[in-house]
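The values are calculated or read from the model by the stated rules, or taken from the named source; none is laboratory data. From a predicted model like this one, the values you see are computed outputs, not experimental measurements. Reconstructed Cβ throughout: ideal geometry from the backbone, glycine too, with neighbour counts over all protein chains shown. Keep in mind that these areas ignore ligands, DNA and RNA; they rest on the heavy atoms of the full protein, side chains included. Shrake-Rupley method; radii C 1.70, N 1.55, O 1.52, S 1.80 Å.
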Amino acid sequence: MKKLYIVGIGPGAENMMTMEARCVLEAADVICGYTVYVDLIKKQYPDKEFFTTPMRRELERCRMALTSANDDKTTAMVCSGDAGIYGMAGPILEMQEQFPEVDVEIVPGITAAISGAAILGAPLMNDFCVISLSDQLTPWDVIERRLRAAAAGDFAICLYNPMSRKRPDHLAQAARILLEQMNPLTVCGWVRNIGREDTEKKLLTLEELMEEKVDMFTTVFIGNSHTRNLFGRMVTGRGYEI
Ligand code: SAH
């Protein structure tokens, strides 16, 4: 059968990949992905064929993966974290009608919201939402609307793509929008390079987040009105009286 697996490999550390993902990669003839992620796993799979494309060449990468599977090579397309969260699962399924013989299977991975939350404490203990600050594929006014709605709903918020060199002020703008409705002392945190050697984290307030400089390897967490800083851990109340 012509088979394409879309595999979430987790945040980076080998032991944070699921057993299922590992088995699929071991069984694949070809591994495709963004150069940086493929480099993370390349040395574990020395005898595979690798196809990589740099950032922003996503559709080309999806087409390459589907073509490889269509050529009867069992293919795995890897994505960081989970492939269904700002990953390649959606675009591949949208493109699949051009490759009707290819059977596509999605293998879940630990997304940055989950691995980052575990490092900070328990910030996503109650209802939460995930918002990407990248306006490459989503207009900025839509992102602003979602931020305001999240604040109005008192959701804990996890921000992906908080900043890039081209967009240095998106995090500050997001914090300013949240401050229209939220307490400036709301507990926030960020985690950088989850699952890599040099993981860093920090807790701070929403007001302080306005001035904070983070990069694209960082995931940012904003508490709800029940989130506290408990001895350096970010903890959102579950609702129990303790
Ligand atoms: N599919 C990925 C998300 C890709 S979007 C997932 O499920 O995790 C890219 C954004 O994800 C980054 O800008 C950052 O906010 C977050 N991210 C991905 N990997 C990360 C890591 N190892 N450490 C911190 N943040 C990460």
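Met64 meets the conditions (1) open to solvent by less than 70 Å² (accessible area, probe 1.4 Å); (2) of a type outside the set (Gly, Ala, Ser); (3) under 30 Å from Thr236 (Cβ atoms) in every case but one. The failed one is (3).
The single residue among Thr52, Thr111 that is within 11 Å of the ligand (Cβ to nearest atom), crowded, with 18+ Cβ neighbours inside 10 Å and not basic (Lys, Arg) turns out to be Thr111. Residues that are more than 8 Å from the ligand (Cβ to nearest atom) and surrounded by 23 or more Cβ atoms within 10 Å (Cβ to Cβ) within the range 72-88 comprise Thr75, Ala76, Met77, Val78, Met88, listed in sequence order.
Residue-wise test of (1) β-branched (Val, Ile, Thr); (2) modelled with pLDDT under 95.
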site: Glu49; (1), (2): no, yes
site: Arg61; (1), (2): no, yes
site: Gly90; (1), (2): no, no
site: Thr111; (1), (2): yes, no
site: Ala117; (1), (2): no, no
site: Ala122; (1), (2): no, no
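State whether the residues of the range 165-187 include one that is within 12 Å of the ligand (Cβ to nearest atom), aliphatic (A, V, I, L, M) and assigned to a loop (DSSP other than H, G, I, E, B). Within the range 165-187, none of the residues are within 12 Å of the ligand (Cβ to nearest atom), aliphatic (A, V, I, L, M) and assigned to a loop (DSSP other than H, G, I, E, B). Taking the criterion of being surrounded by fewer than 16 Cβ atoms within 10 Å (Cβ to Cβ) and not charged (D, E, K, R), the residues of the range 1-17 that qualify are Met1, Asn15. Residues that are open to solvent by 10 Å² or more (accessible area, probe 1.4 Å), within 15 Å of the ligand (Cβ to nearest atom) and under 30 Å from Leu4 (Cβ atoms) do occur in the range 144-161. If you go through the range 197-220 and keep only what is under 24 Å from Asn15 (Cα atoms), touching a Phe, Trp or Tyr at 6+ places or on another chain (Cβ under 8 Å) and of a type outside the set (Val, Ile, Thr), you end up with Lys201, Lys202.
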